[in-house]
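*Asks:* Here it is, the structure, as structure tokens.
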There are 2 protein chains.
Amino acid sequence: MNLRELANLLDLSTTTVSRALNGYPEVSAATRERVAEAARLHGYAPNQVARRLATGRTLAIGHVIPIAEHQMINPVFADFLAGAGETYSAAGYDTVLSIVPAEQEAEAYREMARQRKVDGILVSGPKVVDFRIELLAELGLPFLVHGRTGPDEAGYSWIDINNRRAFRRATELLAHLGHRRIALLNGQEQLSFAARRRLGYEEALIEAGIAFDTDLAHQSEMTEPLGYAAATRMMQLADPPTAFLTSSIITAHGVLRAMRELGRQAGRDFSITTHDDDLSFLPNAGEVPLFTATRSSVRAAGRQAARMLIDLISTPESGPRQELWEVELTLGLSTGPAPRGQTHA
Amino acid sequence: MNLRELANLLDLSTTTVSRALNGYPEVSAATRERVAEAARLHGYAPNQVARRLATGRTLAIGHVIPIAEHQMINPVFADFLAGAGETYSAAGYDTVLSIVPAEQEAEAYREMARQRKVDGILVSGPKVVDFRIELLAELGLPFLVHGRTGPDEAGYSWIDINNRRAFRRATELLAHLGHRRIALLNGQEQLSFAARRRLGYEEALIEAGIAFDTDLAHQSEMTEPLGYAAATRMMQLADPPTAFLTSSIITAHGVLRAMRELGRQAGRDFSITTHDDDLSFLPNAGEVPLFTATRSSVRAAGRQAARMLIDLISTPESGPRQELWEVELTLGLSTGPAPRGQTHA
DNA sequence: TCCAGCATTCAAAGCGCTTTGGATTTTGAC
DNA sequence: GTCAAAATCCAAAGCGCTTTGAATGCTGGA
């Protein structure tokens, strides 16, 4: 059933039927009702592709996901996408993914723009040096970045959390508890968020008069075994850490496992603070949460990012939008005073 | 730059240019080269939407993802999607997601079909009773199921792993090691894969002459805290388990945490076997893997599912395709003989 | 009664591509 | 040199919708 058939059936022109269905005013209430009824009855829905061609709007939003063989699929991104996707659907937009080998990433963005497949693009995981912002500006497609990077933050739209302050506060907390050997298990620091977290960590160390020790600063993909391995290695140092700061609750679990194998209990024998993206399959649960954490729901960020991008698409003339979220610092069971005799204060 | 502009530029008809670019034979090698060159030079790419309308093929594949507020986004699905997406892109297909509230799931499938947005649909997480297979058959859109369910398995296309045999073998392994109190921490058993795993578990118990105990059979979403909670609860039983069988490596980590808190070490004081989907962010790593596991890469399954579906779309006349994968049972550090004095054999 | 003005409706053009059916040119066998 | 076949190209129709510009019918004030 297409528009013309429906129109013939009703003995109306396609113009009128189209207008009736799309809520234009130049059609009488009676016919509008008649059309709606017939459409429902025959299960008519406009062919999306034809509509897209006619209007020039795709009602779709693109995400490009680079994948290297054997590299991890970021579960944080999955939650972000879920949040964004909910909002897209509710607003009548489709979600279009382009999952490509990392080396084809730039080309994937170009294709999206050239082939007019989407009305806008959402960019995830910006790096400290990232070609995408310039590229997308050049392509002239509306876009919004989850995170931010580069010198001209006012020049494009983004939503981000205050990673630097979050990690400064978390580090301060550990320092106030008397810890002097504080390890950072960060994400890969070419990623903008991780670089900011590192900055916050260093700021707090300086403020607390603690020397920065490269042996205690680790960066890697945020998996459980890598957290485990890093913690295990650090505990073999002559002067091992008494506290850990991790970038992901996944890594934090790895640290927990490593420390338990050494007979150390979190909150008593050592402290651990993590950033918590509020992942649905790894909730920081318990009456009192397991981990002391800087928390910010990445799913909520996804929802808001989608709203902002849709807004940007509909009224581009009002210029770029930015939003910076502060994070909560919630106390859990995993932090406590530095153990006596283990600190070298 | 659109097709006509390019054609004018070359002083050719749009017909010829289109044919040249799409590799049809009725165009001389010389003009083909000339056209290709001009297209490259001016950065021309055909408008995908127009092409879709003209050909009737969308070159897109749809996935519907239902989401209930506060319900988990399945990380296993994320890896599956990554695998499928790689294959789609390589074959020139787009990935279209429809992320909707659970109660709108059926409508989302209907919309995909009615609006002709995709050439085919991939269905994930079939339930023991699932409306989707019948619905999609009725909608007449090619589809493939990751998993299988219902009485008529030969009637539609699917790819699945042998969950029943996997869990039978894992249970047998534990029984052979002398365990008599074997707990099952399953996924939600309205899901087809979980129901099959339960069957395999029960079969092996019967074979080993072990009575089924409802206290040792648990089902829930597969999160870390739920694994922790279930294990903790079971250990308070008068006759606690000496071995665990979990449906996900995520849950397995929860069990590990619970047992360590009780001072029990895996492989020595108790055993644990898990299914391992080979998730990229939770690898079962180590020279010897941490967990004894039935392993099957869900990402590889995604890749193969995509291939099968694309194949189904291009040659529907050859009927439904099915593929059942056996899983590897790999030994890790987490299993060992049942501890003496704790068994009630 | 007449006509301006409004409410409805419609025919046709167009979105950018593919594809059918023909037209034109080139080739090759005789 | 001739003519059928093959090679090459093109005009135009069509995919299913939206939207422009115009036509029609109806209202009520002069």
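*Asks:* Among the candidates B:Ala45, B:Ala39, single out the residue that is within 26 Å of A:Arg51 (Cβ to Cβ) and within 11 Å of DNA strand C (Cβ to nearest atom).
*Replies:* Sole residue among the options that is within 26 Å of A:Arg51 (Cβ to Cβ) and within 11 Å of DNA strand C (Cβ to nearest atom): B:Ala45.
*Asks:* Give the residues of the stretch B:305-325 that are touching a Ser or Thr at 6+ places or on another chain (Cβ under 7 Å) and either within 17 Å of B:His63 (Cβ to Cβ) or part of a helix (DSSP H, G or I) (or both), sorted by residue number.
*Replies:* Answer for the stretch B:305-325, where residues must be touching a Ser or Thr at 6+ places or on another chain (Cβ under 7 Å) and either within 17 Å of B:His63 (Cβ to Cβ) or part of a helix (DSSP H, G or I) (or both): B:Ala306, B:Arg307, B:Met308, B:Leu312.
*Asks:* May I pose another question? Would the stretch A:97-104 turn up any residue that is more than 9 Å from chain B (Cβ to nearest Cβ), open to solvent by 10 Å² or more (accessible area, probe 1.4 Å) and of a type outside the set (Lys, Arg)?
*Replies:* Checked the stretch A:97-104: at least one residue is more than 9 Å from chain B (Cβ to nearest Cβ), open to solvent by 10 Å² or more (accessible area, probe 1.4 Å) and of a type outside the set (Lys, Arg).
*Asks:* Out of all the residues in the stretch A:210-220, is one or more under 21 Å from the mean Cα position of the chain (by Cα) and not in a helix (DSSP H, G or I)?
*Replies:* Yes: the stretch A:210-220 contains one or more residues that are under 21 Å from the mean Cα position of the chain (by Cα) and not in a helix (DSSP H, G or I).
Quick grid of which residues meet (1) more than 15 Å from A:Ala243 (Cβ to Cβ); (2) of a type in the set (Lys, Arg); (3) in contact with a strand residue (DSSP E or B) (Cβ under 8 Å, 6 or more places away or on another chain):
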| residue | (1), (2), (3) |
| --- | --- |
| A:Asp276 | yes, no, yes |
| A:Phe281 | yes, no, no |
| A:Pro289 | yes, no, yes |
| A:Gly302 | yes, no, yes |
| A:Glu323 | yes, no, yes |
| A:Thr330 | yes, no, yes |
| A:Leu333 | no, no, yes |
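*Asks:* Then there's this: Among (1) more than 9 Å from chain A (Cβ to nearest Cβ); (2) more than 16 Å from DNA strand C (Cβ to nearest atom), which single condition is B:Gly92 missing?
*Replies:* (2)
*Asks:* Under the condition of being open to solvent by less than 10 Å² (accessible area, probe 1.4 Å) and more than 8 Å from chain B (Cβ to nearest Cβ), which residue from the stretch A:65-83 is nearest to A:Asp130 (Cα to Cα)?
*Replies:* This residue is A:Phe80.
*Asks:* When you go through A:Arg110, A:Arg116, A:Arg51 one by one, which is the residue that is near DNA strand D (Cβ under 9 Å from one of its atoms) and out of contact with any strand residue (DSSP E or B) (no Cβ under 6 Å at 6 or more places or on another chain)?
*Replies:* Sole residue among the options that is near DNA strand D (Cβ under 9 Å from one of its atoms) and out of contact with any strand residue (DSSP E or B) (no Cβ under 6 Å at 6 or more places or on another chain): A:Arg51.
*Asks:* Right, here's the next one. Given the conditions (1) in contact with a Leu (Cβ under 9 Å, 6 or more places away or on another chain); (2) of a type in the set (Ser, Thr, Tyr); (3) away from chain A (no Cβ under 11 Å), which single one is not true for B:Thr315?
*Replies:* Answer for B:Thr315: the failing condition is (1).
*Asks:* Oh, and also: Kindly indicate the residue of the stretch A:174-206 that is hydrophobic (A, V, I, L, M, F, W, C), closer than 26 Å to A:Ile133 by Cβ and open to solvent by 10 Å² or more (accessible area, probe 1.4 Å) and also nearest to the chain's Cα centre (by Cα) among those meeting that condition.
*Replies:* A:Phe193
*Asks:* Sticking with this one: With the requirement that a residue be under 42 Å from the mean Cα position of the chain (by Cα) and more than 11 Å from DNA strand D (Cβ to nearest atom), what does the stretch B:1-26 give you?
*Replies:* B:Met1, B:Asn2, B:Leu21, B:Asn22, B:Gly23
*Asks:* State whether the residues of the stretch A:27-41 include one that is within 15 Å of DNA strand D (Cβ to nearest atom), within 14 Å of chain B (Cβ to nearest Cβ) and polar (S, T, N, Q).
*Replies:* Within the stretch A:27-41, not a single residue is within 15 Å of DNA strand D (Cβ to nearest atom), within 14 Å of chain B (Cβ to nearest Cβ) and polar (S, T, N, Q).
*Asks:* Any residue in the stretch A:5-22 that is more than 17 Å from A:Glu33 (Cβ to Cβ) and without any contact (Cβ under 8 Å) to a residue 40 or more places away in the chain sitting within a Cβ distance under 9 Å of a residue that is within 7 Å of DNA strand D (Cβ to nearest atom) and among the basic types (Lys, Arg)? List the pairs, counting only those 6 or more apart or interchain.
*Replies:* Hits for this filter: A:Thr14/A:Arg4.
*Asks:* Right, another one. Would you be able to tell me the number of residues in the stretch B:27-41 that are open to solvent by 80 Å² or more (accessible area, probe 1.4 Å) and within 41 Å of the chain's Cα centre (by Cα)?
*Replies:* 1
*Asks:* Do we have any residue at all in the stretch A:153-164 that's without any contact (Cβ under 8 Å) to a residue 40 or more places away in the chain, more than 14 Å from chain B (Cβ to nearest Cβ), surrounded by fewer than 21 Cβ atoms within 10 Å (Cβ to Cβ) and within 21 Å of A:Leu324 (Cβ to Cβ)?
*Replies:* Yes, that holds for at least one residue.
*Asks:* Mind checking which residues of the stretch B:250-304 are assigned to a helix (DSSP H, G or I), away from chain A (no Cβ under 11 Å) and among the β-branched types (Val, Ile, Thr)?
*Replies:* Listed by number, the list holds a single entry, B:Val255.
*Asks:* If you don't mind, another one. Would the stretch B:11-26 turn up any residue that is charged (D, E, K, R) and more than 8 Å from DNA strand C (Cβ to nearest atom)?
*Replies:* Yes: the stretch B:11-26 contains one or more residues that are charged (D, E, K, R) and more than 8 Å from DNA strand C (Cβ to nearest atom).
*Asks:* Go through the stretch B:105-121 residue by residue and tally those that are more than 8 Å from every other protein chain (Cβ to nearest Cβ), closer than 21 Å to A:Tyr44 by Cβ and surrounded by fewer than 22 Cβ atoms within 10 Å (Cβ to Cβ).
*Replies:* Residues flagged as more than 8 Å from every other protein chain (Cβ to nearest Cβ), closer than 21 Å to A:Tyr44 by Cβ and surrounded by fewer than 22 Cβ atoms within 10 Å (Cβ to Cβ) within the stretch B:105-121 amount to 4.
*Asks:* Could you check A:Leu333 against (1) open to solvent by less than 30 Å² (accessible area, probe 1.4 Å); (2) over 23 Å from the mean Cα position of the chain (by Cα) and say which number it fails?
*Replies:* Against the list (1) open to solvent by less than 30 Å² (accessible area, probe 1.4 Å); (2) over 23 Å from the mean Cα position of the chain (by Cα), A:Leu333 comes up short only on (1).
The values are calculated or read from the model by the stated rules, or taken from the named source; none is laboratory data. Not measured: the values here are computed from a predicted model. Cβ: placed from backbone, ideal geometry, glycine included. Neighbour counts: every protein chain shown. For the accessible areas, the whole protein counts, side chains as well, though only heavy atoms, and no ligand, DNA or RNA atoms are used. Shrake-Rupley method; radii C 1.70, N 1.55, O 1.52, S 1.80 Å.
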